1. Using Cα positions and a limit of under 17 Å, work out the aspartates and glutamates in reach of Lys38, with same-chain residues fewer than 8 apart set aside.
2. For Lys245, go through the aspartates and glutamates and keep the ones whose alpha-carbon is under 12 Å away, minus same-chain ones fewer than eight residues off.
3. For the range 1-115, what does the alpha-carbon gyration tensor say about shape, rounded, prolate or oblate, given a ≥ b ≥ c as the root eigenvalues, a/c under 1.5 as rounded, and a/b over b/c as prolate?
4. Take the Cα radius of gyration of the chain and divide it by 2.2 N^0.38 Å, with N its residue count; two decimals is plenty.
5. Under 5 Å between amide H atoms, partner at least 5 residues away or on a different chain: which partners does Ile49 have, H built in plane at 1.01 Å?
6. Kirkwood hydrodynamic radius, computed over distinct alpha-carbon pairs, for the range 112-199: how many Å, to one decimal?
7. Pairs Lys80/Lys116; Lys20/Lys230; Lys21/Lys224; Lys12/Lys142: which are spaced more than 26 Å apart, C-alpha to C-alpha?
8. Compute the long axis of helix 185-195 from its Cα atoms, compare it with the longest principal axis of the Cα atoms of the chain, and write down the angle in degrees, 0 to 90, nearest 10.
Amino acid sequence: MIAIALLTLNPKAELIEFYKKINRANYDLYCFVDDNSKEQIIDDFLNYIYVDDFFCKQNGFHRFNPVIEKGTCNVSSWDKAILYFCRLNKGYDYVWFIEDDVFVPDINLFELIDNKFLKDDLLSNENIINHNGELESWYWWKLASESNLPLPWAHSMVCAMRASKRLLSLVDQYVTSNKNSPKFIEYIFHTLALHNNLSIKKVENLSGIVWRKNWEADDLNEEKFYHPVKLIGQQTEFRRLLNIKKTI
């Protein structure tokens, strides 16, 4: 069984309705809510997960995304989702982590990718390896150098990525031994997978996961995820336009 972890500050109904179309026979759907001040949602189809910020920090699951600064804990939905699947629910063979500003053209794209990469431990858009410890080519190498991780290091954008149970177990072990060390999502998964000879695949379907780009409808096709598309209404409109394109 595979879990999809949708990472959001606050869930948007329009996006949730799209994800609810997932094949329930093969996938369980989770939404990790960053904002604990909101009233908790109960849904028979989708698991809304609210985790206390201080609980995450006490257990070492904090600052997995240092770009997000929040109070004294620096805990985001990333930290909550990683803690959940590392410590509280270890039953899944694979977990998709996907931020809410990732545009998914077709809900069946998850199955298409999973059927191509049945046993690989880490799927992402790239896998850039640093063998010599230089700190100039990528801004966040400085955190890797402070993380008690030996060379080589590796990184990728992970706004949409899939991790195996084996890889999540390694993340859990690392957190246990390094509660207060940096552990940025963009290098921790790839570096631990590299050190432990796990299978890392650069997936063409994820090549639309980039840092910044103003995506236009003409840029898109149905077999790729795209980041960033921050307006949920725009995501819906892109799907409508792609459906029209299919009929022409």
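1. In chain and number order, the partners are Asp52, Asp53.
2. The reachable aspartates and glutamates, counting only those whose Cα sits under 12 Å from Lys245, are Asp218, Glu222.
3. The shape class here is prolate.
4. 0.98
5. Cys31, Phe32, Val33
6. 13.4 Å
7. Lys80/Lys116; Lys12/Lys142
8. For 185-195 against the chain, the angle is about 60 degrees.
Here, each number is a calculation from the coordinates, and none is a lab measurement. Because the structure is a prediction, the values reported are computed rather than measured. All Cβ positions, glycine included, derive from the backbone under ideal geometry; neighbour counts span all protein chains shown.
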